[in-house]
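What follows draws every value from the coordinates through simple rules; no lab data is involved. Model, not experiment: these values are computed from the prediction. In this analysis, Cβ positions are derived from the backbone assuming ideal geometry, glycine residues included, and neighbour counts consider all displayed protein chains.
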Amino acid sequence: MRIRPAIRAGILLAVIVVAVVAAQGAQAQTPAAACGACHAQEYDGWAASAHAHAAESRAFQSLAGAASAVAGWGSDGCYRCHAPLAQGGAGAAAGVSCEACHLMERVGGAGNGDFSLATDGVLRSAKAGRAPHPTSASPLFGDALFCAACHEQYHPVSGVALQSTYTEWVNSAGSHGGKTCQTCHMAEASGGHAFGPSVADDAAKGEALARAITLEVRWPDSAQAGRALIVDVRLENTGAAHALPTGKPEGYEMWLEMAATVGGQTVFTESLPYGVVFADDEGNYDPRVTSSDAASLLRDHRLFPGRAVVERFAFVVPADVRGQVDVEVRLMYRRTPSWLSERLGLPSVPAMLVRRASAAVPVVEPPPRPTYVAPTPTATLAPTPTPVLEGSGTVEEEGWLGSFLLVAGLVLVSVAAWALKARAV
Ligand code: HEC
Ligand code: HEC
Ligand code: HEC
Ligand code: HEC
Ligand code: HEC
């Protein structure tokens with residue numbers, strides 16, 4: 001049977017509308033693809049985003065399974081944000097679906113999924129146009145608080161902050177001209193509903209991070225064998241109104257590394273991680289403590305907006321090095337941290353290069369040391385010669401004064417003699 005395209009499209013549309021309405025009535029999820037039949041642009045962006053794949057990653061699934069056994073989390077604890085419309089895990093594959101956001105009715109902002117979804121089937125958004133389904137305008141959709149529904153989390157038992165993206169944004173208010181999450185992640189980032197670089201595009205993620213973080217290196221002019229070579233690296237988060245990285249430690253790995261080589265042979269390497277480190281309730285320092293076991297926060301070393309960080313790398317150039325030392329500094333990022341892949345027995349995820357700087361530092365001979373000549377004791381004991389005031393003004397003045405006094409004296413004597421003589425007469 002041949003159906004004309006227009007009729008076929010009509011039937012498809014009718015089926016979709018019926019599905020949407022029926023699904024809303026039953027408060028089950030409408031497949032995002034059904035919304036996408038009319039909202040293709042939003043669908044394409046969303047499908048490539050982390051929101052669409054929020055309950056898919058193997059890391060998430062294994063941790064969620066383990067967490068359901070941890071007191072306080074509950075079996076649905078992880079799905080609350082990763083797949084809000086899943087019921088007992090069913091329908092979790094939809095992730096953070098269209099409706100998980102567009103039915104958002106209230107957000108408290110306290111974290112841990114402090115939000116409620118409407119059951120009236122009315123699709124909320126920043127504005128509401130004439131649509132073949134009920135819509136309603138809600139100012140919440142233009143507010144950063146909307147994102148706080150899920151991007152703010154604490155441990156249900158220990159109370160430790162696991163992710164504080166919203167709080168970080170509140171604290172950095174003013175640093176980015178009042179931009180909301182939506183301004184940067186939906187209006188400015190390519191693709192609106194992609195909320196940023198696609199989860200499948202590491203190159204785009206690396207470039208987005210590179211635009212947000214400046215890296216400046218102070219290289220030494222030269223180095224000396226056997227002496228310390230010091231490199232200062234200044235990093236600043238100028239592009240994000242929250243820490244970088246943000247979110248919880250299972251979702252990122254970022255580090256700065258420096259490597260020094262001589263003729264291709266590595267002579268020094270060091271790496272500094274950016275992130276948070278938790279301790280479990282036995283106080284273990286292990287960086288492998290995941291969010292679900294976090295009892296306290298041990299360390300928070302990340303790039304906060306408006307607070308530049310200067311890292312110093314220092315090492316001693318081996319004594320036999322001649323020529324130059326090639327030094328390279330790299331800022332790296334990985335979506336699933338290597339410690340987590342290792343712990344869960346998953347294949348490791350490739351690291352991406354965010355920023356890089358390098359220099360060849362010439363190794364110079366140390367300048368000849370100045371020779372120290374000890375003064376001889378006789379020289380010190382010798383009497384200080386009296387300065388000769390040759391042709392000095394003082395000497396001349398003294399001569400002039402002497403002659404004047406001599407003349408004056410002679411005059412006085414002759415005047416006195418003349419007076420005596422006069423008296424005698
Ligand atoms: C219903 C919960 C929920 C809401 C509301 C929500 N998010 Fe998310 N978001 C998530 C979850 C869960 C993930 C992690 C998905 C994954 O990778 O497993 C995520 C991931 C992201 C990522 C990708 C992170 C990465 O590492 O690439 C960005 C960016 C993001 N969200 C931005 C936003 C913004 C901006 C808002 C507000 C407009 C928002 N989200 C609202 C749950 C939510
Ligand atoms: C993480 C939350 C979230 C998810 C998931 C989400 N949206 Fe949105 N959507 C928003 C927000 C917030 C706005 C308002 C954006 C603004 O005004 O800048 C919006 C706006 C819209 C709009 C209005 C036009 C526009 O693009 O601004 C449509 C239509 C829309 N979304 C459809 C969808 C569809 C279809 C899906 C699923 C494929 C979807 N949304 C998934 C948060 C979400
Ligand atoms: C049969 C086509 C169709 C289907 C299916 C559909 N929509 Fe719409 N929707 C529209 C039209 C047309 C509008 C109003 C014009 C516009 O803004 O695009 C609209 C408006 C909206 C709005 C309000 C934003 C605005 O600019 O008016 C949101 C949010 C929205 N739709 C979300 C969804 C979601 C989520 C689904 C799936 C559950 C969905 N829509 C399914 C056609 C559809
Ligand atoms: C001034 C712009 C700006 C604002 C405002 C902003 N972000 Fe971001 N955000 C960025 C940039 C830039 C990145 C890094 C590149 C990327 O991954 O998109 C980023 C990254 C992220 C990531 C990925 C985390 C990572 O470590 O890679 C998440 C999640 C996120 N932002 C959520 C939010 C939420 C939620 C808000 C609001 C509370 C928000 N952002 C406000 C610019 C912004
Ligand atoms: C309060 C909401 C919320 C709850 C509850 C929650 N998450 Fe998340 N989760 C998020 C958000 C938002 C992100 C994205 C963080 C980012 O990239 O900044 C995320 C990211 C992740 C990631 C890294 C991305 C990925 O999918 O590989 C893992 C793993 C994860 N969560 C596991 C869990 C587990 C396990 C639980 C339950 C013990 C859980 N989450 C509970 C909001 C939540």
### Task
Run the numbers on the stretch 177-271 and let me know its relative contact order in percent, using alpha-carbon pairs under 8 Å that are six or more apart.
14
### Message
Counting other beta carbons within 10 Å of each residue's own, what order do LEU331, LEU346, LEU215 fall into, fewest first?
### Response
LEU346, LEU215, LEU331
## Note on the structure
Reduced to Cα centres, the span from the stretch 138-208 to the stretch 250-296 in Å works out to 24
### Query
Quick one: what does P(r) look like for the stretch 202-363 with 10 Å bins over all Cα pairs, in whole %?
10, 34, 31, 20, 5, 0
#### Entry: Taking CYS184, CYS150 and counting other C-beta atoms within 10 Å, the order from fewest to most
CYS184, CYS150
### Message
If I stretch the segment between GLN41 and THR238 completely, what's the gain in nm (0.36 nm per residue apart, minus their alpha carbon distance), one decimal?
### Response
68.0 nm
### Summary
Amide H proximity to VAL325 below 5 Å, modelled H, separation 5+ or other chain, gives VAL361, VAL363
#### Entry: Ranked by how many other beta carbons lie within 10 Å on average, peptides 199-207, 96-104 from highest
96-104, 199-207
### Query
Could you give the radius of gyration (one decimal) and Dmax (whole number) of the Cα atoms in the stretch 33-104, in Å?
13.1, 43
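Given the stretch 63-195, what whole percent of its Cα pairs are spread farther than 25 Å?
Cα-Cα pairs of the stretch 63-195 separated by over 25 Å account for 31 percent.
Per-residue counts of other Cβ atoms within 10 Å, averaged by peptide: what ranking do you get for 273-281, 40-48, 241-249, 119-127, highest first?
Per-residue mean Cβ counts within 10 Å order the peptides as 241-249, 273-281, 40-48, 119-127.
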### Task
Determine, for GLU342, GLU257, the number of other Cβ atoms within 10 Å of each Cβ, and report the residues in order from fewest to most.
GLU342, GLU257
